[in-house]
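Before any comments, here is the structure.
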Amino acid sequence: MIPQGVATFLPEAAYLKRVIEREILTIFFRWGYQEIITPIFEYLDVVSVGIEEGVLEKGYKIVDRANGRVMILRPDVTPQVARMVAMLFSEHPKPLRLCYRENVFRHEGEHEGREREVFQVGGELIGLSGPEADAEMIGIAVQSLTRLGLSDFKVILGQIEISRNFIEKTGLSKDGKKQLQEALIKKDVGVVKGILKSSKMSKKEQKKFLELVGLIGGEKVLKEAAGLISNPTSRKALKNLGDVFSLLKYHGVEDRVMIDLGEIRGLEYYTGVFYEVFAEGVGYEIGRGGRYDNLIAKFGSAYPSTGFAFDLERLELALECQGRHLPFSTADLLFAGPRKHINQIILAARKLRNQGYRVIHRVCDGESHSVLRSYAQSMGIPGILLVEGEKEPKLVIVNTESGKKRKGSLKEIGILKGKTFWK
């Protein structure tokens, strides 16, 4: 028995997890990002300044037996990156492009639909304030999911400063603003209308605000919103959103993006463009990100920043729901034969491994081709090299999937150089 909310990964599940991590990181690397590994523990008094209050409350805290200071088990990666940048990268040329694969730990209630250990892959772009930075991160997110074969997903894009300015102008109390935010998040138009009636907004302003937060769609949403916004700050935010969307066209991902001007999750955290990624078959976001220009300053150095992270468990569920099964494979080849030929098998397997093949070798006195093929299928091994012969060893090459066979020679083992010669 293990603690609730954590997982044990058996070989196939561990393999799938690593494949997804590798494929996403491959995209990051192609864009020039460098991987970092953050500490699993942080001193609470150091990192807490950058952690959202709700996340901080869910953190697991322990006492450092060496000095009595309180530590927190990593509940979020981005504040750690912010600390690292402010304290360790202050003299490093900007912008910084960093990526990671980490697990975070948060105490979640039994019925909240989340595990206590969450595996994430994400990235941060630090030192760029322009729309090209936000578009770059969204482009990476979309390319990552496309590389994994996810076919039905959308990036829901918003700009937090548009709604923030409207909410500030309502004149509502702190509790009233909080209630309005919660109603907007739930898309409860009736409650929103009721709260606005008690605000300082005129009926005309209330009508415009309700129209604005109801705008969802493609690029035309930006034109419709322009007719509803008059204050300079919100108009500037809308222009920023339009600039980001325009750049997404050049990244070739605009069809994957939907603008939602009523989305305000992360109002206290994000400072500009933000987004959530949803996939068919999963009832909650599989990833989220956005601009957080105020975070790093809390650790001593101010840098504009943007980033995102995927929840791997949710991403795996999305792939499964859409019928995208990543093939499990423990090796490229099963090299089998009788014990009397084991020396030749070991030598040949060694040559193959030196060429980059993953090889399992196996003694199989008396085992039939069907038994070996069944074993190879269960292990996701596409090809079998079978040594036969009483005196001189002879090679039979078997395609695991089709069962087709052909004769080969041990001499060709040394000159394969990447060939999928079992096909």
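The single condition among (1) farther than 30 Å from Ser129 by Cβ; (2) modelled with pLDDT of 95 or more that Gly281 does not satisfy is (2). Which of (1) on the phi > 0 side of the Ramachandran plot; (2) under 16 Å from the mean Cα position of the chain (by Cα); (3) not aromatic (Phe, Trp, Tyr) is the odd one out, the single condition Gly171 does not satisfy? Against the list (1) on the phi > 0 side of the Ramachandran plot; (2) under 16 Å from the mean Cα position of the chain (by Cα); (3) not aromatic (Phe, Trp, Tyr), Gly171 comes up short only on (2). Residues in the range 327-363 that are within 33 Å of the chain's Cα centre (by Cα) and within 22 Å of Ser374 (Cβ to Cβ): Pro327, Phe328, Ser329, Thr330, Ala331, Asp332, Leu333, Tyr357, Arg358, Val359, Ile360.
When only residues in the range 53-84 that are β-branched (Val, Ile, Thr) and within 21 Å of the chain's Cα centre (by Cα) count, which is nearest to Arg116 (Cα to Cα)? Checked the range 53-84; the qualifying residue nearest to Arg116 (Cα to Cα) is Val55. When we screen Val371, Val363 for residues that are modelled with pLDDT of 90 or more and in contact with a helix residue (DSSP H, G or I) (Cβ under 9 Å, 6 or more places away or on another chain), the only hit is Val363.
In the set Glu313, Glu390, which member is surrounded by fewer than 20 Cβ atoms within 10 Å (Cβ to Cβ), in a helix (DSSP H, G or I) and not basic (Lys, Arg)? Explain how you work it out, then say what you get.
Values: Glu390 fails: in a helix (DSSP H, G or I).
Result: Glu313 is the single residue among Glu313, Glu390 that is surrounded by fewer than 20 Cβ atoms within 10 Å (Cβ to Cβ), in a helix (DSSP H, G or I) and not basic (Lys, Arg).
With respect to Arg106, is the statement that it is basic (Lys, Arg), at pLDDT 95 or above, in contact with a helix residue (DSSP H, G or I) (Cβ under 8 Å, 6 or more places away or on another chain) and buried (at least 17 other Cβ atoms within 10 Å of the Cβ) true? Spelling it out, it is not the case that Arg106 is basic (Lys, Arg), at pLDDT 95 or above, in contact with a helix residue (DSSP H, G or I) (Cβ under 8 Å, 6 or more places away or on another chain) and buried (at least 17 other Cβ atoms within 10 Å of the Cβ).
The values are calculated or read from the model by the stated rules, or taken from the named source; none is laboratory data. Keep in mind that this is a model prediction, so the values were computed, not measured. Note: ideal-geometry Cβ built from the backbone for every residue, glycine included; neighbour counts use all protein chains shown.
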